[in-house]
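Okay, handing you the structure first.
Just so it is clear, none of the values below were taken in a lab; they were calculated from the coordinates. Remember, it's a predicted structure, so these values are computed and weren't measured experimentally. Glycine also receives a Cβ, built like all others from the backbone with ideal geometry; neighbour counts cover every protein chain displayed.
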Amino acid sequence: MASKTPTISDPRVSLPGLDLKNPIMTASGTFGYGLEYASFGKLEDLGAIVVKGLSLKPRAGNTMPRIAETPCGMLNAIGLQNIGVERFLEEKLPALPHDTTPVIANLYACDAAEFGELAAALAADERMGALEVNVSCPNVAAGGQAFGQDPKQAAAVTRAVKDAAGDKPVMVKLSPNVADITTVAKAVADAGADMLTCINTLLGMAVDLKTRRPRLANVVGGLSGPAIKPVALRCVWQVCQAVDIPVIGVGGISNATDVLEFILAGAHAVQIGTANFMRPDTVFSIVNELPILMNGYGVMTLDDLRGTLET
Amino acid sequence: MPFGQTSTGVTHCFALRLEDPGWSHWRPGQFVMVRHPSFGLELIWGRAFSISRLVSSGLSLFIQAQGRGSERLSAANPGDKVTVWGPLGNGFAIQDKRTLMLAGGVGIAPFLAYAENHPTPHKLELIFGHRLPLETYPFDNAKTLVPEMTVSSFHERSPEDLPVFLEMVDEAIMNHATSGLVLACGPTPFLRAVKQMAAKHGAMAQLSLENKMGCGVGACLGCVIKDTKGENVQVCSKGPVFWSHKIEL
Ligand SMILES: Cc1cc2nc3c(=O)[nH]c(=O)nc-3n(C[C@H](O)[C@H](O)[C@H](O)COP(=O)(O)OP(=O)(O)OC[C@H]3O[C@@H](n4cnc5c(N)ncnc54)[C@H](O)[C@@H]3O)c2cc1C
Ligand SMILES: Cc1cc2nc3c(=O)[nH]c(=O)nc-3n(C[C@H](O)[C@H](O)[C@H](O)COP(=O)(O)O)c2cc1C
Ligand code: FES
């Protein structure tokens, strides 16, 4: 019997230390600890689950109000409220499908040593899939600027996490709030990052004319959602030109078409953030739609499409 | 005009009736998140609305149009497909006790379902304070749905009327203090007043809060309040109904 040529597109993707069934991850802070969305789809179907940013000790976060809706986007100044690494490992991780879908912790600390300590605590747990480093903490020692804005400090944090992470892959999440994102990307890649996540939120602000007050208690916050997609796509494209390690694209992705656009610009995988709020089953429906859309464009594997953008 | 589309110019209230979602487990006081296709990519969040009634003929929401999302919902056409997720959060306690329901404005919405599903409706008393004309709200509906309960209303025509209404509420709470239950839903300043009065009279009270919701499912941490232990808790998933002595308001 003549064997048929396979015509079904294959969305699998291979990353350093991680084999994913598809390139769809959740974006940190928009999917809770995963379980909040368990009734809207099968968590096992996701490429990877990136959980809310964790710190060594629990944090209460900023005062209210800390979210505001803006045209095609939202601002948040949650201030990294989280239950701390210990409770996460005890209460949340066991309930996640970590054996079929990698669980990625997003790390947040205020100096390199603390980052190291946090990374060690997480990496020691064999159920952990990878570590994602959030370098957006304003570092008081460096004059209130976030680590992620200073290539030297971002590199120092990357080294500290890599040293503590053992064989767990480490991705560093870059901030777009810099003059040239490729400078930080290169510094972090040279310091040993296995992957880069592009991008975190853009600094923004909203005011209320009626009350003459800012809409966020924190005055400024991070802008996310469809409004930032062009910025994220530009950052992913620039960073993919500048470094040789895989880039995970994030920012305003809300459907499978957006996903393929990011892959075309060079991304290996993507994360879905604010779009999860638009519909709680967004990330699951993108997983379902992706192979169908790939088929529609005659794309058999993501490797075929990746970085083929003609400029 | 009972529970229908009523326009008063500045703000208006309307009932949104949806197909029966077939939920077997839900409790009065729970809410849903709703999006209309016209939200597109522009309005990011769903909008939260209490389940006003849920019977086999459908799910009813009672909505006050006060901004971009509720205005778009008010312009929905019959047959439009909206996205709804729920039932979310926890509901009001249902106890076989004398129960006082305090509704401020559109805060009357969850009490229809509550009264309708109560095993001993003759023990229910509803006090309804409102700024828009009474016929704007589904008040008649409450009376006809559950004739056994005691109902009264108060029209706050100017800010000077507020102390009179609050006095009426205070007295009612006092009367329920020893062996009754007090439930309240409405604007935050109203809930704050109810919380203080309940504390003063030692009444057990539950409040339904209306914080802005990003996700509605406990994930974004945008809707939190402080509990009395000083911890931030999500209103959407740990509430929206809280025992008043357990939260700071
Ligand atoms: C659990 C819960 C149950 C609710 N039940 C009902 C209900 O049964 N019927 C009903 O009409 N409304 C209800 N609300 C309030 C409703 O969610 C808001 O009125 C609605 O989200 C406003 O959206 P908008 O796009 O029209 O306003 P926007 O354009 O977003 O804002 C316009 C104005 O409305 C105010 N506003 C925005 N969100 C809220 C909010 N959550 N609560 C109060 N004011 C707000 C804003 O401060 C602003 O002044 C409920 C809210 C919660 C959290
Ligand atoms: C409510 C909220 C909380 C977030 N929390 C975190 C966080 O804890 N750590 C982090 O690295 N990024 C955090 N982010 C940023 C997102 O992970 C993502 O990078 C950003 O929102 C852009 O993607 P999007 O447009 O798809 O949302 C948060 C974003 C939002 C909206
Ligand atoms: S609305 Fe997102 S946590 Fe409550």
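With a/c under 1.5 counting as rounded, go ahead and sort the range B:63-160 into rounded, prolate or oblate using the C-alpha gyration tensor (a ≥ b ≥ c being the square roots of the eigenvalues; past the cut-off, prolate if a/b is larger than b/c, else oblate).
Oblate, because a/c is 1.5 or more while a/b does not exceed b/c.
Which whole-Hz ³J(HN,Hα) couplings does the range B:147-163 yield from phi under the Karplus relation 6.51 cos²θ - 1.76 cosθ + 1.60, θ = phi - 60°, glycine and proline marked x?
Using θ = phi - 60°, the values come out as x, 6, 8, 8, 10, 8, 9, 9, 8, 8, 7, 9, x, 5, 6, 4, x Hz.
Also, quick follow-up: How large is the charge dipole for the range A:1-131, taken about the Cα centre, if only the Cβ atoms of Lys, Arg (+1) and Asp, Glu (-1) carry charge, to the nearest 20 debye?
Roughly 320 debye, rounded to the nearest 20.
Which pairs break 27 Å Cα to Cα here: A:Lys92/A:Lys229; A:Lys52/B:Lys238; B:Lys123/B:Lys226; A:Lys52/A:Lys229; A:Lys52/B:Lys229?
With Cα atoms farther than 27 Å apart: A:Lys92/A:Lys229; B:Lys123/B:Lys226.
May I ask you to evaluate 6.51 cos²θ - 1.76 cosθ + 1.60, the Karplus curve with θ = phi - 60°, for each residue of the range A:215-226 and list the ³J(HN,Hα) values in order in whole Hz, giving x for glycine and proline?
Karplus-based 3J(HN,Hα) across the range A:215-226 equals 6, 10, 4, 7, 6, 10, x, x, 8, 9, x, x Hz.
Continuing with this model, one more query. Using only the Cα atoms of the range B:102-217, build the gyration tensor, take square roots of its eigenvalues as a ≥ b ≥ c, and label the shape rounded, prolate or oblate: rounded if a/c is under 1.5, else prolate if a/b is larger than b/c, else oblate.
Because its axes are fairly even, with a/c under 1.5, the range B:102-217 counts as rounded.
Please name whichever of A:Thr201, A:Leu233, A:Pro214 sits farthest to the positive end of the charge dipole of the range A:190-254, dipole taken about the Cα centre and charges placed at Cβ: Lys and Arg +1, Asp and Glu -1.
A:Pro214
Here is a follow-up. Which net charge results when you count Lys and Arg as +1 and Asp and Glu as -1 among the other residues whose beta-carbon is under 11 Å from that of A:Val161?
So the surrounding residues net to -2.
Next question, about the same structure. Got a sec to turn the phi values of the range A:34-43 into Karplus ³J(HN,Hα) couplings, 6.51 cos²θ - 1.76 cosθ + 1.60 with θ = phi - 60°, whole Hz, x for Gly and Pro?
Whole-Hz 3J(HN,Hα) from phi for the range A:34-43: x, 5, 4, 9, 4, 7, 9, x, 8, 4.
Using the charge dipole of chain B (Lys, Arg: +1 at Cβ; Asp, Glu: -1 at Cβ; taken about the Cα centre), state which of B:Thr83, B:Leu16, B:Phe128 has its Cα farthest towards the positive end.
Working it through, the farthest residue towards the positive pole turns out to be B:Thr83.
If the only charges are +1 at each Lys and Arg Cβ and -1 at each Asp and Glu Cβ, what is the size of the charge dipole of the range B:85-157 around the Cα centre, to the nearest 20 debye?
Approximately 160 debye in magnitude.
As a check on your grasp of the helix formula, calculate [θ] at 222 nm for chain B: sum -39500 (n - 2.57) over DSSP H runs of n ≥ 4, divide by the residue count, round to the nearest 500.
After summing the helix terms and dividing by residue count, I get -6000 deg cm²/dmol.
Between A:Gly47 and residues 5 or more places away or on another chain, which pairs have amide H atoms under 5 Å apart, with H built 1.01 Å from N, and which residues are they?
HN-HN under 5 Å from A:Gly47: A:Asn22, A:Ile24.
Could you put B:Ser70, B:Ser57 in order, starting from the residue whose Cβ has the fewest other Cβ atoms within 10 Å?
B:Ser57, B:Ser70
Here's another thing I want to ask about it. On a 0 to 90 degree scale, rounded to 10, what angle separates helix A:282-296 from the longest Cα axis of chain A?
The two axes meet at around 40 degrees.
Rg to Rh ratio, chain B, alpha-carbon atoms and Kirkwood radius?
Rg/Rh: 0.94.
Considering only DSSP states other than H, G, I, E and B, which GluC sites (Glu not before Pro) in the range B:164-243 qualify as loop sites with at most 16 other Cβ atoms within 10 Å?
Those that pass, being in a loop and sparsely packed, are B:Glu231.
About its Cα centre, how strong a charge dipole does the protein assembly as shown have in debye, to the nearest 20, once Lys and Arg get +1 and Asp and Glu get -1 at the Cβ?
With Lys and Arg at +1 and Asp and Glu at -1, about 920 debye.
What does the helix-only formula give at 222 nm for chain A: each DSSP H stretch with n ≥ 4 adding -39500 (n - 2.57), the total divided by the residues, and the result rounded to the nearest 500 deg cm²/dmol?
About -8000 deg cm²/dmol.
Now a separate question. For helix A:112-123, report the angle its Cα long axis makes with the longest principal axis of the Cα atoms of chain A; keep it between 0 and 90° and round to the nearest 10°.
It works out to around 40 degrees.
Kindly flag which residue pairs out of A:Lys57/A:Lys162; A:Lys173/A:Lys210; A:Lys42/B:Lys212; A:Lys57/A:Lys168 have an alpha-carbon separation exceeding 31 Å in this structure.
Over 31 Å Cα-Cα: A:Lys173/A:Lys210.
Could you please rank A:Cys72, A:Cys110, B:Cys236, placing first whichever residue has the fewest other Cβ atoms within 10 Å of its Cβ?
A:Cys110, A:Cys72, B:Cys236
Hey, if you put +1 on the Cβ of every Lys and Arg and -1 on every Asp and Glu Cβ in the range A:203-307, which of A:Leu223, A:Leu302, A:Val247 ends up farthest toward the positive end of that dipole?
In the range A:203-307, that residue is A:Leu223.
Distance between the C-alpha centers of the range A:147-222 and the range B:135-187? Whole Å please.
51 Å
Another one. Using Cα centres only, tell me the gap between the range B:30-52 and the range A:62-132 in whole Å.
The distance from the Cα centre of the range B:30-52 to that of the range A:62-132 comes to 28 Å.
Here is a follow-up. Report, in degrees rounded to the nearest 10, the 0 to 90 angle that the Cα long axis of helix B:188-201 makes with the longest principal axis of chain B.
Taking the Cα atoms of chain B, the angle to B:188-201 is about 20 degrees.
Shape call for the range A:219-270 from the C-alpha gyration tensor, a ≥ b ≥ c root eigenvalues: rounded (a/c under 1.5), prolate (a/b greater than b/c) or oblate?
oblate
Please arrange B:Ile94, A:Ile8, A:Ile181 by how many other C-beta atoms lie within 10 Å of their C-beta, fewest to most.
With the fewest neighbours first, B:Ile94, A:Ile8, A:Ile181 line up as A:Ile8, B:Ile94, A:Ile181.
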